[in-house]
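S.K.: Before I ask anything, here is the structure I am working with.
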Amino acid sequence: MPHDHDHPHSLLPPDPALRVKALETILTEKGLVDPAALDEIIDTYQNRIGPRNGARVVARMWCDPGFREEMLKDPMPRLREMGLYGRQGEHMVFVENTRDVHNVVVCTLCSCYPWPLLGIPPGWYKSDAYRARVVREPRKVLAEFGVDLPGETRVRVWDSTAEIRYLVVPQRPEGTDGMDEPDLAALVTRDSMVGTGLVPGPTP
Amino acid sequence: MSRVHDMGGRFGDGTVAPGEDAVFAAPWHGRALALTLAAGALGHWTIDASRHARESLSPRDYARFSYYEKWLAALADMLVARGIVTEDELQAGHAAEQSSLSERALMAGSVAGVLKSGSVYDRAGPAPALVVGARVRTRRPARNTMVEGGHTRLPGYAAGATGTVVRLHGTHVFPDSNAHGLGEAPEPLYAVAFEARELWGAAAEGDEVIVDLWQSYLEPA
């Protein structure tokens, strides 16, 4: 059995599922972890907190100019009011896409992401390829998501190196003038709020 | 000087796979996340220390471990380093004794409240010395000046680069200090915009990378 004193994790079983199980068993037996609390955390992020939260805010910003202005200035008071405050969303900044500027968010050093508005980041956001490349060649990475930006649109990549969490406010698609907030929110995708997608227009 | 996690700008990683988008791609992923949050609630390390623990995996482990394997390995390492779990317990897969910290355990009924309350990272502290529009140059090399090989949030690709302050974020806990138990040492935090060409040599005109940087990473340019 390898025994690296700097890295005690090598004492755990090699299979990751067994490694979690072993650690959970040890911590539960020590009285440090309540398995029911783990179930609760998983359920929260699997089923209750996700990109629908962010979509609701974006749709409201599209419909309510006063609200949009407040959110671009300091979103925290309204987010608290809407029950969208929480872990990994304590210091939100909203950045708005326009015809001239397209914003994209990454965390090159780890995986920082606005959990209360978007949930747990997807695998690609945490991947080496995304972290390494989107700062250097954002247009190529966006093309891999099917997003081709006009040459005159400037790309602004936000690297989340601090506890500030960024949410991209995508452009409202054409042909949605008569739509209400819930219908608009249904159009807003997770990727559009990270900046790796555009919001599709309504299907006719 | 650099550590393996500092990969912004690196070549060779291949294409991004937008299809990888399950919340938890395997059941143990959710378990690993939950276990990490629950253990964090014991209050024996900060978010900065836990990031540093992941970054401190050997480059070989960092590269071969999947995302949540890094979390688990860092969690095991921190539990042992803080004396909460012993190496013998890790090896046995069972506890040798109850922990004296057990009254701090996060119980199911408290989860919702803990996740909702979050923890703020801004602090009273020195006022910002820089204004929006100020031209600044970042420290080079990107390194922790208090602890050799220590935690820092200045990415290597942005070291020694000249940019412009575009936002003041207030005064925030300084990770380079806090990760090592040297105190929160709050500093003004700024969003600094760099022309992509300044960072990469070649890029589309007008494209920018914006990085959140603490005051001591910066000097007037």
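S.K.: I'd like the orientation of helix B:108-117 relative to chain B: the angle between its Cα long axis and the longest Cα principal axis, in ° from 0 to 90, rounded to 10.
M.R.: 10
S.K.: Separation between the A:Val101 and A:Thr203 pseudo-spin-labels, each 7 Å from Cα along Cα→Cβ, expressed in nm?
M.R.: It works out to 3.4 nm between the two label points.
S.K.: Before rounding to the nearest 500, sum -39500 (n - 2.57) across all DSSP H runs of length at least 4 in chain B and divide by the residue total; then give [θ] at 222 nm in deg cm²/dmol.
M.R.: Taking each H run of at least 4 residues, the total per residue is -8500 deg cm²/dmol.
S.K.: Measure nothing fancy, just the Cα-based angle from helix B:27-40's long axis to the longest principal axis of chain B, in degrees from 0 to 90, nearest 10.
M.R.: 80
S.K.: Now, a different point. Got a number for carbon plus sulfur as a percent of the protein assembly as shown's accessible area, 1.4 Å probe? Please list the in-between numbers first.
M.R.: Details: 8980 of 17470 Å².
For the protein assembly as shown, the apolar C and S fraction of the accessible surface comes to 51 percent.
S.K.: Here's a follow-up. Determine the order of A:Asp191, B:Asp88 by accessible area, beginning with the largest, at a probe radius of 1.4 Å. Could you put the intermediate results ahead of the total?
M.R.: Details: A:Asp191 30, B:Asp88 115 Å².
The most accessible residue leads, giving B:Asp88, A:Asp191.
S.K.: May I pose another question? For A:Gly197, what is the net charge nearby, where nearby means another residue's Cβ is under 13 Å from its Cβ and Lys, Arg count +1, Asp, Glu -1?
M.R.: -3
S.K.: Next question. Straight-line reach from A:Lys73: which aspartates and glutamates have a Cα under 14 Å away, not including same-chain ones fewer than 8 places off?
M.R.: A:Glu96
S.K.: What FRET efficiency do you get for B:Glu219 and B:Ala81 if R0 is 51 Å and r is their Cβ-Cβ distance, rounded to the nearest 0.05?
M.R.: Working: r = 35 Å, r/R0 = 0.68.
The formula returns an efficiency of 0.90 here.
S.K.: Turning to a different aspect of this structure: Using the Karplus curve 6.51 cos²θ - 1.76 cosθ + 1.60 with θ = phi - 60°, what ³J(HN,Hα) values do you get for each residue of the stretch B:89-96, in whole Hz, with x for Gly and Pro?
M.R.: With coefficients 6.51, -1.76 and 1.60, one gets 5, 4, 5, 6, x, 9, 7, 8 Hz.
S.K.: Can I ask one more? Using R₀ = 30 Å, calculate the FRET efficiency as 1/(1 + (r/R₀)^6) where r is the Cβ-Cβ separation of B:His44 and A:Arg80; round to 0.05.
M.R.: Values: r = 29 Å, r/R0 = 0.95.
In this case the efficiency is close to 0.60.
S.K.: Still on this structure, please answer the following. May I ask you to evaluate 6.51 cos²θ - 1.76 cosθ + 1.60, the Karplus curve with θ = phi - 60°, for each residue of the stretch B:160-165 and list the ³J(HN,Hα) values in order in whole Hz, giving x for glycine and proline?
M.R.: Whole-Hz 3J(HN,Hα) from phi for the stretch B:160-165: x, 9, 9, x, 10, 5.
S.K.: Right, here's the next one. Before I look further, what does the protein assembly as shown give for accessible area per residue, probe 1.4 Å, in whole square angstrom? Can you show the working numbers first?
M.R.: Numbers: 17470 Å² over 425 residues.
The answer is 41 Å² per residue.
S.K.: At a probe of 1.4 Å, how much accessible area disappears from chains B and A on forming the pair, both sides counted, to the nearest 100 Å²?
M.R.: Details: alone 13570 and 12010 Å², together 17470 Å².
Interface area, both chains combined: 8100 Å², rounded to the nearest 100.
S.K.: Using a loss threshold of 50 Å², tell me which positions in the stretch B:206-220 are less accessible in the complex than in their chain alone. Probe radius 1.4 Å, ligands and nucleic acids ignored.
M.R.: B:Asp207, B:Glu208, B:Ile210, B:Asp212
S.K.: As an exercise, use a Förster radius of 35 Å and the Cβ-Cβ distance of B:Ala129 and A:Glu69 to find the FRET efficiency, rounded to the nearest 0.05.
M.R.: So, using R0 = 35 Å, E works out to roughly 0.75.
S.K.: Still on this structure, I have one more. Sequence-distant or interchain residues sharing an amide H contact under 5 Å with A:Gln88, placed H: which?
M.R.: The answer is B:Ser119.
The values are calculated or read from the model by the stated rules, or taken from the named source; none is laboratory data. This structure is a prediction, so every number in the text was calculated from the model and none was measured. Positions of Cβ are backbone-derived with ideal geometry, glycine not excepted, and every protein chain shown enters the neighbour counts. Calculation scope for accessible area: heavy atoms of the full protein, side chains included, ligands and nucleic acids excluded. Shrake-Rupley method; radii C 1.70, N 1.55, O 1.52, S 1.80 Å.
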